[in-house]
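*Asks:* This is the structure I want to talk about, given as structure tokens.
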Amino acid sequence: MEQITLSFPASRTLNGRALAGVVGSGDMEVLFTADQQQALNVTITTSVDNSTARWNALFDRLNLQNGLPSGTLVIHDFGATPGVARIRIEQVFEEVSHA
């Protein structure tokens, strides 16, 4: 298992918490807690070694489309495809934006 820590400038703020996915389900679990800081801090535990570049690319794409919210994002990845990862992350951001 590899532990990756990333931080990105946030361009928007939200309120609340959200969970998407299920740990141990064969893909991934994402937990988001919004805050009023200026950054999105991400902690990823993954079964895929040397995947930091993939995660950076994913967050760069998310930032270009909607901007990243401030808060803490905890990801437990068990080999999910980039598409599933994106869906789970977008799900928590959307859920909190409607809270």
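*Asks:* First measure r as the distance between the Cβ atoms of ASN15 and LEU64, then evaluate 1/(1 + (r/R0)^6) with R0 = 30 Å and state the FRET efficiency to the nearest 0.05.
*Replies:* For ASN15 and LEU64, the calculated efficiency is 0.80.
*Asks:* A further question follows. Roughly speaking, to the nearest percent, how much of the chain's 1.4 Å accessible area is carbon and sulfur?
*Replies:* Carbon and sulfur together cover 51 percent of it.
*Asks:* Suppose all protein chains stay in the model; what accessible area per residue would a 1.4 Å probe give for the chain, in Å²?
*Replies:* With all protein chains present, the chain gives 52 Å² per residue.
*Asks:* Where does the charge balance sit around ILE89 when Lys and Arg score +1, Asp and Glu -1, over other residues with C-beta under 15 Å from its C-beta?
*Replies:* Details: positive: ARG12, ARG17, ARG54, ARG61, ARG86, ARG88; negative: ASP27, GLU29, ASP60, ASP77, GLU90, GLU94, GLU95.
After counting each charged neighbour, the total is -1.
*Asks:* When only C-alpha pairs under 8 Å and at least 6 residues apart count, what is the relative contact order of the chain, in percent?
*Replies:* Relative contact order comes out at 41 percent.
The values are calculated or read from the model by the stated rules, or taken from the named source; none is laboratory data. What you see is a predicted model, and the numbers here were worked out from it, not measured in a lab. Because the Cβ atoms are built from the backbone with ideal geometry, glycine has one as well, and the counts that use them run over all protein chains shown. Heavy atoms of the whole protein, side chains included, go into the accessibility calculation; ligands, DNA and RNA do not. Shrake-Rupley method; radii C 1.70, N 1.55, O 1.52, S 1.80 Å.
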